[in-house]
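The values are calculated or read from the model by the stated rules, or taken from the named source; none is laboratory data. These numbers were taken from a predicted model, which means no experiment stands behind them. In this analysis, Cβ positions are derived from the backbone assuming ideal geometry, glycine residues included, and neighbour counts consider all displayed protein chains.
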Amino acid sequence: MKKILMSLLLLVVLLTSIYSVLGLSYMPDMFLSDQHKYSLQMDGEGEAIVFFKDIMYDVNKDINSYILEIPYKEIRLIGVYEKVVDSDNSNCLSWGNTCKQYGEGSTCVQYDYYGKCQTYEKPCLKYEQNCERFNQDISYTYEKIETQPELLSDKTILKINFKEPVMKGNQKEFIVITKIYDVGKSSLGKMNAEFETFKTNKDISSIRVSINVPDEFILKGKSSNTNYRSDMVTFAGNLESSNSLNSELSSKMSDISTHLEYSGGFVQTASYLDPYESLSVNVQYSKSWFALYWSNLFWSLLGVAIVIFLISYGIKKLKEYTKENLPIKQQQKDSETKHKFIIPFLGGLFSALGIALLWGLIYVILLVLDNILGYRYNDLLILLMILLGILLTLFGMIGIPIFTGHKFGATTGFFTTLSLFVWLIVFAIIFVVISAIL
């Protein structure tokens, strides 16, 4: 028995060690690996202005260059911009002395209550001043890096040579602005856009991608009032026609850098990517709400129709079987007890169906009103519609079972409630399956 326990203990220790090595060591340090930020400004033709910011770290060595792999071949490079020091007015607020060389022997510098020495100190032969409180006052600017894209059959390679090398343990920020022509493709009145993030040979601790469309378009899964910034598109055009950055453009680039941290719209994130791994983001947008959601409506209605058909068909077959195979007296007896099965079954079904259609209708109404009235009324509309939906849902979940229980008996009312919850679960499963397919 002792041998078995010892073997199990050793196995646990071994598995813990393996988990520690394989399960945890693969994750790059959040503060010692790259962080990538993207903002895509789409247009009506499926083309995108891409703003990419890389906050990169390297604790192992100094680096002078960086290779970026863009998984598209139809691109136009607008520019690469490095954040560099403009002026450094940092200064020391208070100085202190530190001993750099000690002499022989020691002197007591602290005694206890009874006169016994508690702390000894060697005599200092040489002192050196050091800063104890430091005021960091550094201003930054952005400078354009000249680089020539290398076009391959299925991707574009950018080799970036920094003006200021990344020193060991420090960070570097640079921004790449490109126009990518083949992000989206038109289909059935809507634009299907698929964006794949850029690849590097370094670990990536976090990726954040935000996608926005012009105001006249609707972004599926989001309000039409997205965070589209036409000024960023204009800014990209100004940069393309300029060989260097003046103070105004550099200040605007600083604003863009901050915007990339928190830009809204359709946002997707990922963490802990290995070198040369990427994140793919898929969105759909259109000027027509129906073009985006007709397939969802079609499959939802088809699913409900199939359920109702199967139920109706089953009831019809059950009645035919009863007439053909049961005696008249037995049929009369069954007719008297049908309320115990058919009424709860149908009552629960149509109550659940009504609740599902109610919330689907509320969702559609909110989308339509949002497009008409705008974001200022979003909170009020959502609150009112949710309250209305809750009231009608409570009526369906409580009122219908009470009505059937009052008219056909308490047992019928109880089974109507049970049937209602079962059908709600069935419709929820159908909705999840359809959502996964679409």
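Tabulated values for the structure
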quantity	calculated
Set LYS100, LYS122, LYS116: member being outside the structural domain of GLU164 (by TED's automatic domain parsing) and within 30 Å of ASN170 (Cβ to Cβ)	LYS100
Of residues in the stretch 183-205 being of a type in the set (Gly, Ala, Ser) and buried (at least 16 other Cβ atoms within 10 Å of the Cβ), the one farthest from the chain's Cα centre (by Cα)	GLY184
All positions within the stretch 106-139 that are hydrophobic (A, V, I, L, M, F, W, C) and in contact (Cβ under 8 Å) with a residue 24 or more places away in the chain	CYS124, LEU125, CYS131, PHE134, ILE138
Some residue of the stretch 161-172 being more than 30 Å from SER65 (Cβ to Cβ) and in the same structural domain as ASP62 (by TED's automatic domain parsing)	no
Single match in TYR57, TYR111 (criterion: in the same structural domain as ASP274 (by TED's automatic domain parsing) and over 15 Å from ILE177 (Cα atoms))	TYR57
Unmet requirement for SER224, which otherwise passes all of (1) at pLDDT 75 or above; (2) touching a helix residue (DSSP H, G or I) at 6+ places or on another chain (Cβ under 7 Å); (3) part of a loop (DSSP other than H, G, I, E, B)	(1)
Some residue of the stretch 100-113 being among the acidic types (Asp, Glu) and either modelled with pLDDT under 80 or surrounded by 11 or more Cβ atoms within 10 Å (Cβ to Cβ) (or both)	no
Scan of the stretch 51-91 for residues that are modelled with pLDDT of 85 or more and either among the hydrophobic types (A, V, I, L, M, F, W, C) or in contact with a Cys (Cβ under 7 Å, 6 or more places away or on another chain) (or both), ordered by number	PHE51, PHE52, ILE55, ILE67, LEU68, ILE70, ILE75, LEU77, ILE78, VAL80
Qualifying residue in the stretch 119-130 (condition: aliphatic (A, V, I, L, M), surrounded by fewer than 13 Cβ atoms within 10 Å (Cβ to Cβ) and in contact with a Gly (Cβ under 6 Å, 6 or more places away or on another chain))	yes
Qualifying position, being among the β-branched types (Val, Ile, Thr), over 31 Å from the mean Cα position of the chain (by Cα) and surrounded by 11 or more Cβ atoms within 10 Å (Cβ to Cβ), among THR156, THR141, THR178, THR147	THR147
Meets criteria (under 30 Å from ILE256 (Cβ atoms), in the same structural domain as HIS36 (by TED's automatic domain parsing) and in contact with a Pro (Cβ under 8 Å, 6 or more places away or on another chain)) for THR178	no
Residue match in the stretch 403-410 (condition: in a helix (DSSP H, G or I) and closer than 28 Å to PHE298 by Cα)	no
Every residue from the stretch 59-75 that is surrounded by 13 or more Cβ atoms within 10 Å (Cβ to Cβ) and in a strand (DSSP E or B)	ILE63, TYR66, ILE67, LEU68, GLU69, ILE70, ILE75
